[in-house]
Amino acid sequence: MHTFKYDDQGDWILNELVDGDEQIVQNLKHLFRQRASEWLFDERQGFRHEQTWEKVVDKRVITQAVYDCAYQEPRVAEVKNVVVDFNKIQRRLKISFIAVKADGEGIEVIFDVNSTRV
């Protein structure tokens, strides 16, 4: 299935379509941009950003939030090698992981959660 592509600022590009692995990565990035409880019809959809707002950040809690968010994409069968890089001074969260599809093929996903540029 094809869908519209969006740029680094999250704006849809109407003359380009994505599918396959690129669409999965795009959907995952979109889920991580969305705050949990932001969407009226499913308050569990999205990433629990409030985990990064604590004074003392627990990387284990953030890692669990990454798993919870990544598994919201139905084509992701497994999440491996989650790396959470949190810069306490700049309050920047960078996440990378391998999303394994049902066929066993892995897709590398790397992005900055706090940035408008993903």
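The values are calculated or read from the model by the stated rules, or taken from the named source; none is laboratory data. Bear in mind the structure is a predicted one, so any value in this text is a computation, not a measurement. Note that we place each Cβ from the backbone using ideal geometry, even for glycine, and neighbour counts take in every protein chain shown.
Residues satisfying the criterion are present in segment 79-88 (criterion: part of a loop (DSSP other than H, G, I, E, B) and either modelled with pLDDT under 90 or of a type outside the set (Lys, Arg) (or both)).
So is residue 100 of a type in the set (A, V, I, L, M, F, W, C), modelled with pLDDT under 85 and surrounded by 14 or more Cβ atoms within 10 Å (Cβ to Cβ) or not?
No; evaluated as a whole, the condition is false for this residue.
If only residues of segment 7-25 that are surrounded by fewer than 16 Cβ atoms within 10 Å (Cβ to Cβ) and not acidic (Asp, Glu) are counted, the one that is farthest from residue 113 (Cα to Cα) is 15. In this structure, residue 8 does not satisfy being without any contact (Cβ under 8 Å) to a residue 40 or more places away in the chain and not basic (Lys, Arg). Residue count for segment 54-76 under the criterion of being in contact with a Gly (Cβ under 8 Å, 6 or more places away or on another chain) and either among the hydroxyl-bearing types (Ser, Thr, Tyr) or surrounded by fewer than 17 Cβ atoms within 10 Å (Cβ to Cβ) (or both): the result is 0. Selection within segment 46-65: residues that are more than 19 Å from residue 90 (Cβ to Cβ) and at pLDDT 85 or above. The member of this set that is nearest to the chain's Cα centre (by Cα) is 46. Within segment 64-104, the set of residues being over 16 Å from residue 49 (Cα atoms) and in contact (Cβ under 8 Å) with a residue 60 or more places away in the chain comprises 99, 101. Quick check: is even one residue across segment 8-29 within 20 Å of residue 71 (Cα to Cα), of a type in the set (D, E, K, R) and in contact with a Gly (Cβ under 6 Å, 6 or more places away or on another chain)? No: zero hits. In segment 27-51, what count of residues is obtained for those that are over 14 Å from residue 72 (Cβ atoms) and either in contact with a strand residue (DSSP E or B) (Cβ under 7 Å, 6 or more places away or on another chain) or of a type in the set (A, V, I, L, M, F, W, C) (or both)? Count: 2.
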